[in-house]
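For reference, the structure is listed below as structure tokens.
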Amino acid sequence: MAPKNKLPQPTLKDRFAALKYLPPFFKEIWNTHPWMTAGNGLLRLVRSAIPFGTLYLGKLIIDEVVRLINAHSTDTSWLLWLIGLELGLAVLSDGLNRATSLLDALLGDLHANRSSIQIMEHAATLDLAQFEDPVFYDKLERARQQTVGRTALLAQTLAQFQDIITIGFLGAGLVVFSPWLILILVLSILPAFLGEFYFNAESYALSYQWTPQRRELDYLRYVGASNVNAKEVKLFNLSKFLTDRFREVSSGYYQQNKKLAMRRAFWGALLTAVGTAGYYGAYGYIGLETVKGSITLGSLTFLAGSFRQLKSSLEGILNRFTSISQGALYLKDFFNFFHLQPEVASPLHPRPFPTVIQEGFVFENVSFRYPNASKGVFQDLNFTLKKGEKLAIVGENGAGKTTLVKLLTRLYDPTEGRILLDGVDLREYDLGELQRHIGVIFQDYIRLMMTAQANIAVGDIEHIHELPRVQTAAERSLAASLIQKFPNGLQQVLGRHFSGGTELSGGEWQKIALARAYMRDSELLILDEPTAALDARAEYEVFQRFAELTRGKMALLISHRFSTVRMADRIIVIENGELLESGSHETLMAQKGRYAELFQLQARGYN
């Protein structure tokens, strides 16, 4: 299925405008490795003079052979010197060609690595809301694509400058003989250039339009052939469904690309034939002038070779211009990604974060609505989380419990109202400082296919190498007994993604995840459905340990199991975006309201 809205084709003005991204691109290349970049440019400068030198030596060799024949001379010393010089140039040319190709490849790899790191670092600064926007993901995908294809653009742009200098050498020889040859040359290659220009524009537009579909294809490849999804794919017989969808989307893209490729091949052959006819017309003219005696046989070879080399160089420059300008259009996608800025950010002059929290958190008339959502999640929400208090949040799915955690940790800012910490709006604190002082374990926590040590140290990654701290966190979360069973202990790779990895059950993964919360010595610990994969006994043990280890600290608990929620100091019930009830388990049960109703419904399920 093709995209509904076709984007306008890039015009010649658009392409020239896109060239403004080349200077920052080369600045990026220079910053990647200055000496390697400078060496590459110097080698290409030397290479640009070699075609002229080779052709001119060829002219001198042929003229010397003709002279020796006419003079019936056997003194070939000068001839041998000329041949030796041409041999030296050939060897030098090959060496320079290999050296520049090597530097192009090395610089390309270094820049790809560097730009990938830049994308990862910049993405980490952006808002969570941006990651939940499909349009943002399209921008991110186009930026990612530019990290691997820039080796070609680097080589093309440097080759462009190299060919321009070469043309300067060769063009001087043709102008001296006949300026008309330059005019014929330009006219012979112009049609092919215009054809390439047009079809490259079509190619860019097609690639741009199909970005969402190509993301879907990548996703289908992952779902259809992944150890994470293999069970469901087999049990629910999803393979045909997934492959049919992949076939449908990929076929649509193939058909569009096929039409473009066929048109490009036809017109390319036709327009190239025009250029070839122009070249042989000029070649015939030079041949006739040689027969008339206007030029020597050596000059014939020099001019014919120069014309052929100039034609090839000019075609390369013009055709490369379309590729470079197209690459520059893609560079626009790359650099525009870095223009994206977060809305949730630290103030220019943040307040110092409290050394010890004195009062706690206050939600003051907080309302929130996700971007582009028609309905808000909260309306005028008011409650407190006091110092040293354990607060539980209860509500049905979709009530906004996890959203509340995101607001508390400033992954989002309230649409209206404010959240205070010790009487100060959270937006007045440094964002990094705030988040470093809060330990959070979400239900959909990250599972790193890395060592157990790395997975636990996620909670405070700067201390990953502090083994005693990691071990203590594992003991607190009851993951220590699990790690003792691993062949490599904390160095055991988790998951089956890599060779030698050990797969864990859902409950075992959750113990590892819980250890992350204990890695961070924070005054507020948030557990968002952290024990969903544990059985009732294991969950009870985890929460008992949690209650002991968070004594004197603030804790926020979200759980569907009321048997664990009841151990909180206070419970709030959220429904339809509003705070419905608040109080201890005993108080809420005595009120016989919504909490008591939900508690009794769940209790019946165990009878």
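The values are calculated or read from the model by the stated rules, or taken from the named source; none is laboratory data. Quick caveat: nothing in here was measured; it's all calculated off a predicted structure. Cβ atoms come from the backbone with ideal geometry, glycine included; neighbour counts cover every protein chain shown.
A few remarks follow.
- Qualifying residues in region 300-358 (those that are among the hydroxyl-bearing types (Ser, Thr, Tyr) and at pLDDT 80 or above) - the one nearest to residue 289 (Cα to Cα): 301
- Boolean, residue 32 is hydroxyl-bearing (Ser, Thr, Tyr) and surrounded by fewer than 17 Cβ atoms within 10 Å (Cβ to Cβ): no
- Residue check for residue 499: among the hydroxyl-bearing types (Ser, Thr, Tyr), loosely packed, with under 15 Cβ neighbours inside 10 Å and modelled with pLDDT of 85 or more: no
- Any chance residue 85 is surrounded by 12 or more Cβ atoms within 10 Å (Cβ to Cβ), more than 27 Å from residue 160 (Cβ to Cβ) and modelled with pLDDT of 90 or more: yes
- Total residues in region 554-585, condition among the small types (Gly, Ala, Ser), surrounded by fewer than 22 Cβ atoms within 10 Å (Cβ to Cβ) and assigned to a strand (DSSP E or B): 2
- Among the residues of this structure, residue 77 counts as one that is surrounded by fewer than 15 Cβ atoms within 10 Å (Cβ to Cβ), over 30 Å from residue 371 (Cβ atoms), of a type in the set (Gly, Ala, Ser) and modelled with pLDDT under 90.
- Selection count, region 492-520, where residues are basic (Lys, Arg) and closer than 20 Å to residue 435 by Cα: 2
- Considering each residue of region 451-462 in turn, none proves to be within 30 Å of residue 354 (Cα to Cα), touching a residue at least 60 places away in the same chain (Cβ under 8 Å), not in a helix (DSSP H, G or I) and not acidic (Asp, Glu).
Residues are listed down the side, and each one gets a yes or a no for (1) among the hydrophobic types (A, V, I, L, M, F, W, C); (2) surrounded by 15 or more Cβ atoms within 10 Å (Cβ to Cβ); (3) modelled with pLDDT of 70 or more; (4) part of a helix (DSSP H, G or I):
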residue: 139; (1), (2), (3), (4): no, yes, yes, yes
residue: 153; (1), (2), (3), (4): yes, yes, yes, yes
residue: 171; (1), (2), (3), (4): no, yes, yes, yes
residue: 184; (1), (2), (3), (4): yes, yes, yes, yes
residue: 205; (1), (2), (3), (4): yes, yes, yes, yes
residue: 215; (1), (2), (3), (4): no, yes, yes, yes
residue: 228; (1), (2), (3), (4): yes, no, no, no
residue: 231; (1), (2), (3), (4): no, no, no, yes
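- Residue that is surrounded by the most Cβ atoms within 10 Å (Cβ to Cβ) [pool: residues in region 292-328 that are touching a Lys or Arg at 6+ places or on another chain (Cβ under 7 Å) and either of a type outside the set (Phe, Trp, Tyr) or outside any helix (DSSP H, G or I) (or both)]: 325
- Residue in region 67-90 that is in contact (Cβ under 8 Å) with a residue 40 or more places away in the chain and closer than 30 Å to residue 153 by Cβ present: no
- Restricting 391, 448 to residues that are surrounded by 19 or more Cβ atoms within 10 Å (Cβ to Cβ) and either of a type outside the set (D, E, K, R) or farther than 26 Å from residue 599 by Cβ (or both) narrows the list to 391.
- Residue in region 58-74 that is among the polar types (S, T, N, Q) and surrounded by 13 or more Cβ atoms within 10 Å (Cβ to Cβ) present: no
- Qualifying positions in region 448-468 - more than 23 Å from the chain's Cα centre (by Cα) and of a type in the set (Val, Ile, Thr): 451, 456, 464
- Residue within region 368-382 that is without any contact (Cβ under 8 Å) to a residue 60 or more places away in the chain, of a type in the set (Phe, Trp, Tyr) and not in a loop (DSSP other than H, G, I, E, B) present: yes
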